[in-house]
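Data block below; observations after.
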Amino acid sequence: MAIIGTASLNAQGLEEGLIGYWPFDDQSDPASTPDLSSGENHGTINGEPEIVAGATGGGGDYAIQFDGADDSVTTEVSLLKISMS
């Protein structure tokens, strides 16, 4: 399974209610992924997922491919708490 973020699919107005936008294109820190929304819910990359070409295949367009065993991306925000409020 791959979660794909691409430059061509960027959030336009950072839609109302958006709690995070992680395009995975910034590979400057292999242990984290920045949140480009105003929420600043930056993600921590766990395990050793593979960084692969994104949907467009263009330079600077990346995705994260998980192995299905121990790879994940976590944030400090709880999606359950947000959805229930």
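Of note:
- For ILE3, the conditions (1) assigned to a strand (DSSP E or B); (2) at pLDDT 80 or above are fulfilled apart from (2).
Every residue, every condition in (1) at pLDDT below 85; (2) over 22 Å from GLY59 (Cβ atoms), yes or no:
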site	(1), (2)
ASN10	yes, no
GLU16	yes, yes
PRO23	no, no
ASP29	no, no
LEU36	no, no
HIS42	no, yes
ASN46	no, yes
PRO49	no, no
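- Only residues that are part of a loop (DSSP other than H, G, I, E, B) and surrounded by 14 or more Cβ atoms within 10 Å (Cβ to Cβ) were counted across region 27-60, and they come to 10.
- Residue check, ALA63 exposed (fewer than 13 other Cβ atoms within 10 Å of the Cβ) and either within 10 Å of the chain's Cα centre (by Cα) or at pLDDT 90 or above (or both): no
The values are calculated or read from the model by the stated rules, or taken from the named source; none is laboratory data. From a predicted model like this one, the values you see are computed outputs, not experimental measurements. Note: ideal-geometry Cβ built from the backbone for every residue, glycine included; neighbour counts use all protein chains shown.
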